Amino acid sequence: MRLINASGENVGVVSTEEAVRIAREADLDLVEVAPNAEPPVCRVMDYGKFLYERTKKEREARKAQVKVEIKEIRLRPKTTEHHRGFKVRDARRWLENGMKVKVRIRFRGREITYPEIALNDLKDIAEELSDVAVVEQSPSLEGNSMLMVLAPTKAKKK
């Protein structure tokens, strides 16, 4: 096997017994790092310390991740312009804070026979918010509701 010592230097190709002896002398562990290589690569290291540092790096990476929050506004085909204005104002505020907004128009009863009304409403909303948002998912009919997803044009931090 190819051996890398504790300081990171390549010792070369040695027998398994020799590698175990070198690891014991250094009072460290012998860890196989590349089993599929020809010959397999082993490293002399403190395995507990290695695991600790790896989990620490993973935790740091999770902290650095940005979680995108999705807010939703729900409307009906009969929603008045005034009420829709309130909802669009909320959506604008969320988009400026870097959140995605799902706009859902729910149909009740026979309203579903006129999906073009909801489609026009969604297009109007997308047009009103075009300065702060881009349509990520175009309007589509899903069950008894029509759905559109808006994403912020430039993501801002809270």
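Since every read-out is calculated from the coordinates, none of them should be taken as a lab result. Here the structure is a predicted model, which means the values were calculated and not measured. All Cβ positions, glycine included, derive from the backbone under ideal geometry; neighbour counts span all protein chains shown.
Observations on the structure shown:
- Linear extension gain, residue 153 paired with residue 17, 0.36 nm per residue minus alpha-carbon span: 42.9 nm
- The residues neighbouring residue 45, those whose beta-carbon lies less than 15 Å from its own, together hold a net charge of -2 under the Lys/Arg +1, Asp/Glu -1 convention.
- Counting DSSP beta bridges with both ends in the chain, the antiparallel % (nearest 5): 70
- Cα gyration tensor shape of the range 25-81, rounded if a/c is under 1.5, else prolate or oblate by comparing a/b with b/c: prolate
- Residues residue 67 and residue 32, FRET efficiency given R0 of 35 Å [Cβ-Cβ distance, rounded to 0.05]: 0.45
- Calculated from backbone phi, Karplus (6.51, -1.76, 1.60) coupling profile of the range 139-145 in Hz, x at Gly/Pro: x, 9, 8, 10, x, 9, 9
- Residue by residue, the range 36-51 carries 3J(HN,Hα) couplings of 8, 6, 10, x, x, 9, 10, 9, 8, 7, 8, 5, x, 5, 4, 5 Hz when phi is fed to the Karplus relation 6.51 cos²θ - 1.76 cosθ + 1.60 (θ = phi - 60°); x denotes Gly or Pro.
- Among 77, 115, 39, the residue with the largest mean-square fluctuation in a Gaussian network model of the chain, with springs joining Cα atoms closer than 10 Å, is 39.
- Using the Cβ-Cβ distance between residue 113 and residue 136 with R0 set to 30 Å, the FRET efficiency works out to roughly 0.60.
- Among 97, 36, 144, the residue with the largest mean-square fluctuation in a Gaussian network model of the chain, with springs joining Cα atoms closer than 10 Å, is 36.
- Extension gain for residue 53 to residue 106 (0.36 nm times residue separation, less C-alpha to C-alpha distance): 14.1 nm.
- Karplus-based coupling profile of the range 10-23, in residue order and whole Hz: 7, 7, x, 7, 10, 6, 4, 4, 5, 5, 5, 5, 4, 5, with θ = phi - 60° in 6.51 cos²θ - 1.76 cosθ + 1.60 and x standing for Gly or Pro.
- The chain: most fluctuating residue of 41, 88, 103 per GNM, C-alpha cutoff 10 Å: 41
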